[in-house]
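> I have a structure I would like to understand better, so I am pasting it below and will then ask my questions one at a time.
Values in this text are rule-based calculations from the coordinates and carry no lab data. Here the structure is a predicted model, which is why all the values come from computation and not from measurement. Heads up, the Cβs are rebuilt from the backbone with ideal geometry, glycines too, and the neighbour counts pull from every protein chain shown.
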Ligand code: SAM
Ligand code: SF4
């Protein structure tokens, strides 16, 4: 029996898929090389944007064609799912399963789906405790929390993933220690808003306390967690995503600056460069506060590379308000930006606002920002020419050419006849492009 997982969305969904793979393999499934050969297909969906939802509809008709040729194919829908999308898609899949119920999937898959009662589907176990089947031998995704309490007016996450829950710190540290022992070189700490992490930390209770069953439960915040992970012995990099600007403390800036394993890369979603739009988005910061934060971070970590998330065409965004985002782009000179065209999501507060910006205008605004980004990244990347830096080799492009990443999360293309995948190497940067660098191995 073979399985195939199709993943949409962010790194958190990718990480969930690694846990789904573990569960399926535990009950005897093996990975299928292609969809056509699979007996079980899991779609790990993302309701964050309409475009991903539309792609799932496209897949469904493909599955039907396979089913017509191959009876017995089972399909499962799961992921970061809005109730409305779940309802619409339910009759097109054999099963719709909650990712939080992952520990119960084996039981569900063993019996006829028709006889499973709602009660049995209730979550009783923490799915994040399942050991993932890591898809890389050198870079690992480690969720430190799930859910979100922020309710940005455009966003489905608080509805699909629920409220914030932090994983216990000792569980995270234990997972990372194992990963480093196995040779992993890069750890991505994941959460929708890692800055508000608050996890239990209770490494070893004293014998007397254990006997008395009395333990002082301590909680630690994100900067404290970073310092503890930084203390794990070994040669590895720490990255994290995402950070909400409103919770970015001085303590976190200091931890980033002081922990040598924490890389000089930060995703700091601005979403808009206009105060009124930020207010309508419920982002709880102003443009001036965002700029001031960037200034403080750059002062402490001068070579930091900054990426951001932006939504263009939010309900009511005028041309003038969009120009304020243009100005923010020109001023900050981001190293990367994930630019999304606003799409109304059912059930969110923004979905009740009139979607005033026509699609064509959203396309134009996206293009304008992409052009500025291209100019800025080229300017930023040129500063690397002539520098000798360490990179982590992540991909083979062709038999003799490889792609690595700098600590600042820049792509570096270089030639080598040796297999260097997953290794730290030093290169000299010889050329720069808007989307990456070229280097020579030293
Ligand atoms: N937690 C992160 C933060 O605070 O910015 C972002 C998580 S969200 C799942 C990923 C990105 O999707 C957001 O930063 C936003 O730019 C984009 N996004 C979310 N909802 C959207 C919508 N309705 N339309 C367009 N883009 C959206
Ligand atoms: Fe969505 Fe806002 Fe939470 Fe990010 S912080 S996941 S954008 S609600």
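> Describe numerically, in nm with one decimal, the distance between label points set 7 Å from Cα along Cα→Cβ at residue 87 and at residue 235.
5.6 nm
> Report, in cubic angstrom per residue, the convex hull volume of the C-alpha atoms of segment 43-96.
63 Å³
> Now a separate question. Would you compute the Debye intensity of segment 230-329 from its alpha-carbon atoms alone, equal scatterers and no solvent, and pass along log10 I(q)/I(0) at q = 0.25 Å⁻¹ to two decimals?
-1.35
> So what are the three principal axis dimensions of segment 1-116 from its Cα atoms, in whole Å, longest to shortest?
34, 31, 31
> What is the percent of Cα-Cα separations in segment 313-442 that go past 24 Å?
Summing the P(r) tail past 24 Å for segment 313-442 gives 47 percent.
> So how far apart, in nm, are the two label points at residue 39 and residue 108 if each is 7 Å from Cα heading toward Cβ?
2.0 nm
> Still on this structure, please answer the following. Work out how much length residue 319 to residue 282 would gain on full extension: take 0.36 nm times their residue separation and subtract the Cα-Cα distance, in nm to one decimal.
11.3 nm
> Report the equivalent ellipsoid semi-axes for the chain in whole Å, largest first, defined as the square roots of five times the eigenvalues of the gyration tensor built from alpha carbon atoms.
Equivalent-ellipsoid dimensions as semi-axes: 34, 29, 26 Å.
> Between segment 1-58 and segment 146-209, how far is it from one alpha carbon centroid to the other, in angstrom?
Going from one Cα centre to the other spans 23 Å.
> Let me ask another. Could you give the alpha-carbon Rg of segment 371-442 over 2.2 N^0.38 Å, rounded to two decimals?
In units of the globular-protein estimate, segment 371-442 measures up at 1.05.
> Another one. So what is the relative contact order of the chain, in percent, for Cα pairs below 8 Å that sit 6 or more residues apart?
10 percent
> Where both residues lie in segment 268-404, what percent of DSSP beta bridges are antiparallel, nearest 5?
Counting DSSP beta bridges with both partners in segment 268-404, the antiparallel share is about 35 percent.
> Next question, about the same structure. So in the chain, what percent of DSSP beta bridges are antiparallel if you round to the nearest 5?
If we restrict to bridges inside the chain, about 40 percent are antiparallel.
> Continuing with the same structure: Starting from 0.36 nm per residue, how many nanometres of slack lie between residue 298 and residue 428 once their C-alpha separation is accounted for?
Additional length available on full extension: 44.4 nm.
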